[in-house]
Amino acid sequence: MANLFQSVRGFNDVLPPATAQWQHLHAVAAGILNGYGYGEIRLPIIEQLALFKRSIGEVTDIVEKEMFAFQDREGDMLALRPEGTAACVRAGLEHGLLHNQQQRLWYAGPMFRHERPQAGRYRQFHQLGVEAYGMAGPDIDVELIALSARLFRQLGLRDLTLELNSLGSSETRQNYRAALVAHLEKHLSSLDADSQRRLHSNPLRVLDSKSAQTQALLAEAPSILDFLDDESRVHFDGLRQGLDDLGIAYTVNPRLVRGLDYYSRGVFEWTTTQLGSQGTVCAGGRYDGLVQQLGGSPTPAVGWASGVERLILLLNAQAAALPDGAPQVYFCWLGETAQREARKLAESLRDRLPELRMVLHAGGGKLQAQLKRADKSGARLALILGDQEAAEKRIQVKSLRGNESQQQTLAWPELPAHLAGLLELSEKPT
């Protein structure tokens, strides 16, 4: 029978065993972020539409084309969040976290943009985001980039390129916009349609054009780095010096801009050549004016976000070591007494070995059928308990990988230590 319903285009299910990879990524990230002193903040999926119009910019692609916006029953205009930074600032202001304070925060969860779905780019996608408030110097920028580099190393990712640029102050951008527009107006007819449309409303976005012809014209365009004010130049030099001190390689890319209007001064991207056109896996920078723009006091701020789907794609493309979520042990039983004792023994093992991934067979059946299920589950070991073994408080341990004939019988008290040794688990003391 045909399925009555399917998922909405661009909204994907994540199924086992892929979910084990997501859990691993989040666990690694949480461990690193907690180690750097960042606290997790959990933000609502729906916000006021005006929040994103005011923060991201009304002439950006996100606001113009990609937002999932709607009017609720009370007549309020709302939106599914397209990114996390504006929502994080809103929460910080609402709960008094930002005024004359330093905050290090992180979040993870779904974002929504009405884009053309493709590999690593969906209409519901997931981001890991990190934000720091109240610190004006380049040292916190360096920390955020170092944190991201550590995350990628610990995940086992390699061959990523870090690109840096500075967008300077508002005065820098104003002067640079005028010079860039003057240059591009000389070649107006050769620009792609999107760049022509953006030329006067948001000319910096032309730098990010995917048109080869437009990019060729930009090769002769002025560089924003030649327009930096003294304070922005000192900040950018400090950022580069900090990365040099840590041995983190980077490339200065004066054409690098971000798709959100609130960025200023240092911006960066981690990129790869292994995901086709979706080469950015992490991006961020400074947004010192956003808190004031949303109603708070002037507050320096910097952050980054990384797409979880793209990280997972890259981990698989590089054949990184990832958990498959399979159980380590499959517990088989034969007979009514064995079933009752197996249930109690399984709970006892979970008490002693909290990290153990174990499936207790359900539904009865012959031993051969149970072992077939055990093998299909991916488990390394099968435990086999019959009524006679239950009476003797003994159990069979059978290897399901490698040497199929490897099997031994153990007394119940020996089992926790034996499993802990074979599976490299930590055992809780009794």
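Points worth noting:
- Zone of residue 245's modelled label, taken as backbone nitrogen in segment 142-165 under 16 Å from a point 7 Å along Cα→Cβ: 142-147
- Residue with peak Gaussian network fluctuation, the chain [Cα springs, cutoff 10 Å], from 167, 184, 246: 246
- The calculated FRET efficiency for residue 201 paired with residue 40, based on their beta-carbon distance and R0 = 25 Å, is about 0.10.
- Calculated mean residue ellipticity, 222 nm, the chain: -11000 deg cm²/dmol, from DSSP H runs (n ≥ 4) at -39500 (n - 2.57) each, averaged per residue and rounded to 500.
- Take the Cβ atoms of residue 220 and residue 362, set R0 to 60 Å, and the FRET efficiency comes out at 0.30.
- Segment 297-314-segment 250-290 distance, computed between alpha-carbon centres (Å): 10
- Among 214, 299, the ranking by other beta carbons within 10 Å of each residue's beta carbon, starting with the fewest, stands as 214, 299.
- Whole-percent pair-distance distribution, where bins are 10 Å wide, for the alpha carbons of segment 45-171: 10, 32, 38, 18, 2, 0
- Gained length - residue 101 relative to residue 273, 0.36 nm times residue gap less alpha-carbon distance: 58.0 nm
- Semi-axes of the equivalent ellipsoid for segment 177-331, computed as √(5λ) from the eigenvalues of its C-alpha gyration tensor and ordered from largest down, come to 34, 23, 16 Å.
- Over the C-alpha atoms of segment 329-423, the Rg to Rh ratio, Rh being the Kirkwood estimate, stands at 0.92.
- Among beta bridges identified by DSSP and lying wholly in segment 286-430, the antiparallel ones come to about 55 percent.
- Highest mean packing comes first when the peptides 265-272, 92-99, 364-371, 383-390 are listed by Cβ atoms within 10 Å, giving 265-272, 383-390, 92-99, 364-371.
- Efficiency of FRET between residue 337 and residue 18 - r from beta-carbon atoms, R0 51 angstrom, step 0.05: 0.85
- Listed residue pairs exceeding 19 Å between alpha carbons, taken from 398/428; 344/393; 344/428; 65/210; 376/398: 398/428
- Other residues with beta-carbon under 10 Å from the beta-carbon of residue 335 carry, at +1 per Lys or Arg and -1 per Asp or Glu, a net charge of -3.
- Convex hull of the chain built on C-alpha atoms - directionally averaged projected area, nm²: 28.2
- By the count of other C-beta atoms within 10 Å, a proxy for reagent exposure, 135, 111, 77 are ordered fewest to most as 77, 135, 111.
- Gain in span if fully extended, residue 355 to residue 280, counting 0.36 nm per residue against the direct Cα distance: 23.5 nm
Since every read-out is calculated from the coordinates, none of them should be taken as a lab result. What you see is a predicted model, and the numbers here were worked out from it, not measured in a lab. Cβ sites come from the backbone with ideal geometry, for glycine too, and all protein chains shown count toward neighbours.
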